[in-house]
Amino acid sequence: MSESTFHDFSALTIDGEHREMSEYRGRLVLVVNIATECAFTPQLTSLQELTDRYAEHGFTVLGFPSDQFHQDPGTDEETKEICASTYDVRFPLFSKIDVNGPTAHPLWKWMCAQKAGVIGGRIAWNFTKFLIDGEGKVLRRYAPLVPPVRIARRIESELGLR
């Protein structure tokens with residue numbers, strides 16, 4: 001894999017626009033595979049709260065919907081509507097992707113290669129989180145069970161707020 005940092009990748013937004021991850025250079029980013037019909041879906045509210053609290057300090061959450069675990073069956077438009085109307089999500093969302101296997105999005109393949117989880121490089125479930133520093137390096141991988149609020153101290157530390 002020739003890509004060496006998060007900033008070498010791109011993805012389609014949920015509205016179908018091409019977005020370079022280099023747009024997030026200099027920002028602390030939490031990349032999350034989301035789903036709208038998962039037991040962890042209420043984490044969307046907490047992810048938005050992190051965004052609201054730390055955005056002005058250089059922090060961004062990026063949500064990547066995935067139906068690989070059969071818990072985000074709708075279209076991109078339906079996913080966007082549920083995220084906005086039910087969970088007040090305003091952080092950037094991307095078009096639905098695969099996070100595992102041969103059809104996995106290249107960004108997700110790269111992140112998994114950088115920080116393996118308990119089952120190796122594979123994504124075990126929805127709401128796996130990767131914390132990326134301003135230079136595009138993966139700092140930490142968080143399991144789906146880790147609530148976003150538990151990541152707040154690390155975010156504060158990385159942003160120089162502690």
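Read-outs: derived from the displayed coordinates by stated rules, not from any lab. Just so it is clear, the model here is predicted, and its values are computed rather than measured.
So if each residue of separation counts as 0.36 nm, and I subtract the Cα-Cα distance between A124 and E23, what length gain in nm does that give?
33.5 nm
Using every alpha carbon pair in the range 89-140, what percent of pairs falls into each 5 Å bin from 0 up to the bin containing the largest distance?
That works out to 4, 17, 28, 27, 17, 6, 0, in percent per bin.
Based on the Cα coordinates of the chain, what is the per residue volume of their convex hull in Å³?
Expressed per residue, the convex hull around the Cα atoms of the chain is 103 Å³.
At 222 nm, what value in deg cm²/dmol follows for the chain if DSSP H runs of at least 4 each add -39500 (n - 2.57) and the sum is divided by all its residues, to the nearest 500?
The per-residue figure over the chain is -7000 deg cm²/dmol.
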